[in-house]
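Student: Next up is a structure, given as structure tokens.
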Amino acid sequence: MRPQIVLFGDSITQQSFRSGGWGASVADTYSRKVDVVLRGYGGYNTRWALFLLNHLFPLVSEAPSPAAVTIFFGANDAALLEGTGKRQHVPLEETRKT
């Protein structure tokens, strides 16, 4: 089994495999050396990502650990408290605690 690089993040990560995207560049650079696994979740914030963390990366697992992991969250955390951003917003105090 080849090593893995996991790209974990919000919609910026989710869209990284579009033409010319940074995820596509990573996959191209490491072609035939590692498997690049995309775990991009559009609309997710840091709070929701923490909930997924143990499901995606269990502490006890027979699978080998990834060779590298990128984690990109925060854009949705900064959403305004008005309108649709209210669900995604994460207060700065909460962010500091994580």
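The values are calculated or read from the model by the stated rules, or taken from the named source; none is laboratory data. None of these values were measured; they are calculated from a predicted model. Heads up, the Cβs are rebuilt from the backbone with ideal geometry, glycines too, and the neighbour counts pull from every protein chain shown. These area figures cover heavy atoms from the full protein model, side chains too; ligands, DNA and RNA do not enter into them. Shrake-Rupley method; radii C 1.70, N 1.55, O 1.52, S 1.80 Å.
Student: Checking D28 against (1) over 22 Å from T98 (Cα atoms); (2) in contact with an Asp or Glu (Cβ under 6 Å, 6 or more places away or on another chain), which single condition isn't satisfied?
Tutor: (2)
Student: Among the residues of region 35-57, write down those that are assigned to a loop (DSSP other than H, G, I, E, B) and over 15 Å from A68 (Cα atoms).
Tutor: Those that are assigned to a loop (DSSP other than H, G, I, E, B) and over 15 Å from A68 (Cα atoms): Y41, G42, G43, Y44, N45.
Student: Let me ask you something else. Could you list all residues from region 16-66 that are aliphatic (A, V, I, L, M) and in contact (Cβ under 8 Å) with a residue 60 or more places away in the chain?
Tutor: none
Student: Let me ask something else about it. Restricting attention to region 18-63, and to residues there that are more than 16 Å from the chain's Cα centre (by Cα) and among the β-branched types (V, I, T), which single residue is least open to solvent (accessible area, probe 1.4 Å)?
Tutor: Looking at residues that are more than 16 Å from the chain's Cα centre (by Cα) and among the β-branched types (V, I, T), I get V34.
Student: Condition first: acidic (D, E) and open to solvent by less than 100 Å² (accessible area, probe 1.4 Å). Now tell me which residues in region 64-82 satisfy that.
Tutor: D77
Student: Still on this structure: Going by what's in this entry, would F8 be described as aromatic (F, W, Y), in contact with a helix residue (DSSP H, G or I) (Cβ under 9 Å, 6 or more places away or on another chain) and open to solvent by 80 Å² or more (accessible area, probe 1.4 Å)?
Tutor: Against the criterion (aromatic (F, W, Y), in contact with a helix residue (DSSP H, G or I) (Cβ under 9 Å, 6 or more places away or on another chain) and open to solvent by 80 Å² or more (accessible area, probe 1.4 Å)), F8 does not qualify.
Student: Within region 58-98, take every residue that is hydrophobic (A, V, I, L, M, F, W, C) and not in a loop (DSSP other than H, G, I, E, B) and give me the one that is farthest from A27 (Cα to Cα).
Tutor: L92
Student: Give region 15-34 a look and list any residue that's in contact with a strand residue (DSSP E or B) (Cβ under 7 Å, 6 or more places away or on another chain) and within 16 Å of V69 (Cβ to Cβ), or say none.
Tutor: S16, G23, V26, A27, Y30, V34, listed by residue number.
Student: Please go through region 10-29 and give me each residue that is farther than 21 Å from N76 by Cα and either assigned to a helix (DSSP H, G or I) or in contact with a Pro (Cβ under 9 Å, 6 or more places away or on another chain) (or both), ordered by number.
Tutor: Once the filter is applied, which keeps residues that are farther than 21 Å from N76 by Cα and either assigned to a helix (DSSP H, G or I) or in contact with a Pro (Cβ under 9 Å, 6 or more places away or on another chain) (or both), region 10-29 yields A24, S25, V26, A27, D28, T29.
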